[in-house]
Amino acid sequence: MTATLMDGRAESRRLLDETAVRAATFARTRGRRPCLATVLVGDDPASRTYVRMKVTRCAATGIESRRVDLPAETTTEQLVRVLRDLSADPLVDGILLQHPTPAHIDERAAFEAIAADKDVDGVTGASFAAMAFGGPGFASCTPAGILRLLDAYEVPLRGRRAVVVGRSAILGKPVGMLLLARDATVTYCHSRTLDLAAHVAEADVVVAAVGRPELVRGDWIKPGAVVIDAGYNPGNVGDVEFEAAAARAGLITPVPGGVGPMTIAVLLSQTVEAAHHHG
Ligand code: NAP
């Protein structure tokens, strides 16, 4: 392997330590801890695990969590009502709707029921607009975590070619917007892209956000490129063929221990930021 590993665990610890200090200051001066409401619909085991991890991390960082677990048969209307109530609750600073929600839920309608100033997961249209137009608002957590990791390793972005593989609303699209805001030349690839290999081969920075094990082959990577693997597939396998990519890349994220820990750290950091705004 020639690439240097981008250590998301170490970088996320730094952000969590900083967040814990800001949470403690908030609690001391305002007489209550910042509060993140987590909303889970149904009992998908992976989603349960993700919520549990976030709640545990909140406790360790001095953030209160309010858990709302709803049955699988919850309707979109019921979920929207719950999210509107949390949005109106002065003791709730941030709201996380664990996704994906069950198939019968209109997920977009549910996301949009979250008040923009509590959208610490960065899933609403208002947050996307903030990322696209550079206005105030929260960023989507995984994309923001990726940018923090790139900055921690002082990866230059201005004028560089960035290729994002995947265009989901919470990952691919917003990470492309954040890279564009930093003056990278951004190409989005997706399931209809012709000759994915040729696009990836041009990239100085590759972000893989697909959800298909080792879709991005190692021999596509331009020598010295920076490879960010946001994918997480069963068996701790990313979306990039790790060993072969690491033999060519300059920097690469491991799976696990790369992008994943950054996501939770950004979520908690944005929750404390929201609390400071709410007062
Ligand atoms: P998603 O909503 O399923 O989107 C997947 C994207 O990949 C789509 O845009 C799709 O294109 C594209 N795609 C599918 N097959 C392709 C192919 N053969 N070639 C090129 N593009 C292809 O997934 P997501 O929510 O963005 O998640 C992506 C991955 O990131 C998953 O592994 C997920 O577990 C992981 N993830 C990690 C974190 C974290 O914290 N580390 C957070 C969120 C997600 P179309 O648009 O054309 O269908």
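Give me the dipole magnitude in Debye, nearest 20, for the chain about the Cα centre, with unit charges on the beta carbon: positive for Lys and Arg, negative for Asp and Glu. Each step should come with its number before you reach the end.
Values: 30 positive and 32 negative charges, 112 e Å.
It comes to approximately 540 debye.
How much length is gained if the chain between Arg66 and Glu112 is pulled fully straight, taking 0.36 nm per residue apart and subtracting their Cα-Cα distance, in nm to one decimal? Spell out each step's value before the answer.
Numbers: separation 46, 0.36 × 46 = 16.56 nm, distance 1.98 nm.
The span from Arg66 to Glu112 would gain 14.6 nm if fully extended.
Which value, in debye to the nearest 20, describes the size of the charge dipole of the stretch 141-260 about its Cα centre when Lys and Arg Cβ atoms bear +1, Asp and Glu Cβ atoms bear -1, and nothing else is charged?
On the way: 12 positive and 12 negative charges, 73 e Å.
About 360 debye.
What fraction of the DSSP beta bridges in the chain is antiparallel, stated in percent and rounded to the nearest 5? Provide the component values of the computation, followed by the final result.
Details: 1 of 30 bridges.
Expressed as a percentage, antiparallel bridges in the chain total about 5.
Mind checking the log10 I(q)/I(0) for the stretch 141-260 at q = 0.09, 0.11, 0.24 Å⁻¹? Debye, one equal scatterer per Cα, no solvent, two decimals.
-0.19, -0.28, -1.67
By how many nm would the segment from Ala129 to Leu91 grow when fully extended, if each residue of separation counts as 0.36 nm and the alpha-carbon distance is taken off?
Working: separation 38, 0.36 × 38 = 13.68 nm, distance 2.62 nm.
Fully extending the segment from Ala129 to Leu91 adds 11.1 nm.
Given the -39500 (n - 2.57) contribution per DSSP H run of 4+ residues, what per-residue ellipticity at 222 nm results for the chain, rounded to the nearest 500 deg cm²/dmol?
Working: 10 runs with 121 residues, N = 279.
About -13500 deg cm²/dmol.
Pairs of alpha-carbon atoms within less than 8 angstrom and 6+ residues apart define the contacts here; what relative contact order does the stretch 166-279 have, in percent?
Values: 178 pairs, mean separation 21.7, N = 114.
Here the relative contact order equals 19 percent.
Scattering from the C-alpha atoms of the stretch 30-116 alone, worked out with Debye: what is log10 I(q)/I(0) at q = 0.12 1/Å?
-0.34
Write down the Kirkwood hydrodynamic radius of the chain, to one decimal in angstroms, obtained as one divided by the mean of 1/r over all alpha carbon pairs.
On the way: mean 1/r = 0.0522 Å⁻¹.
Every distinct Cα pair counted, the radius reaches 19.2 Å.
Can you list which of the DSSP-assigned H helices in the chain have a Cα extent of 27 Å or more along the long axis and an average Kyte-Doolittle score of at least 0.0? List each step's numbers first, then the result.
Details: long enough: 8-30 (32 Å, -0.75); 259-278 (29 Å, 0.56).
Helices passing the filter in the chain: 259-278.
So for the pair Arg13, Thr185, with labels modelled 7 Å out along Cα→Cβ, what separation do we get in nm?
If labels sit at Arg13 and Thr185, their model points lie 3.9 nm apart.
Using only Cα atoms, what Kirkwood radius does the stretch 103-176 have, in angstroms?
Over the stretch 103-176, the inverse of the mean reciprocal pair distance is 13.3 Å.
No lab work stands behind these numbers, since they all come straight from the coordinates. Bear in mind the structure is a predicted one, so any value in this text is a computation, not a measurement. Methodologically, a virtual Cβ is constructed for each residue, glycine included, from the backbone with ideal geometry; neighbour enumeration extends over all protein chains shown.
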